[in-house]
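Engineer: This is the structure, below, for whatever I ask next.
The values are calculated or read from the model by the stated rules, or taken from the named source; none is laboratory data. Note that this is a predicted model, so its numbers are computed, not measured. Cβ placement follows ideal geometry from the backbone for every residue including glycine, while neighbour counts extend to all protein chains displayed.
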Amino acid sequence: MPADNSYLIVAAARRRGTATRRRAVAALRRMDANGTAITFETVAREAGVSRSWLYNQPDLRAEIERLRARHRVPADRPVPDRQRASDASLLRRLEVATKRNQQLEAENKELREALALALGERRTADLPHRRRDTPKMKSSAVIGPC
């Protein structure tokens with residue numbers, strides 16, 4: 001019977017977790033001291049950890065959110081002219097989006113009609129009392145809508 005060495009794996013995982021946490025805390029302190037913009041992305045990159053790991057650490061997540069709020073750039077700062085969209089550009093984007101919306105609505109309408117037709121045909125085919133026409137037996141005349 002092989003020896004149970006699982007405790008070694010557990011110990012290695014704990015050391016790795018501790019080292020990861022240490023790197024994240026050090027990165028946060030360094031970034032805060034340097035006045036670097038603090039986001040989950042920048043901290044993850046600086047510390048060499050994943051963003052999802054940071055989000056799953058309640059204490060680090062709270063600290064990142066606190067520091068991010070403290071360093072946040074005021075929203076009333078104007079956007080530079082070269083980054084601002086022109087009225088013509090915005091209007092063109094709106095026209096394209098409206099046209100695409102109309103195309104999707106038409107496609108949805110077609111698909112709904114095709115589905116209704118297919119379901120109706122299936123329902124008719126599944127009726128147990130339905131007789132099939134044979135050369136000797138003709139079905140009765142179909143009465144149209146009133």
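Engineer: Considering only segment 47-56, how many residues are in a loop (DSSP other than H, G, I, E, B) and buried (at least 18 other Cβ atoms within 10 Å of the Cβ)?
Structural biologist: Here the count works out to 1.
Engineer: Exactly one condition in (1) part of a loop (DSSP other than H, G, I, E, B); (2) over 22 Å from residue 58 (Cα atoms); (3) in the same structural domain as residue 52 (by TED's automatic domain parsing) is false for residue 12; which is it?
Structural biologist: Tallying (1) part of a loop (DSSP other than H, G, I, E, B); (2) over 22 Å from residue 58 (Cα atoms); (3) in the same structural domain as residue 52 (by TED's automatic domain parsing), residue 12 fails exactly one: (1).
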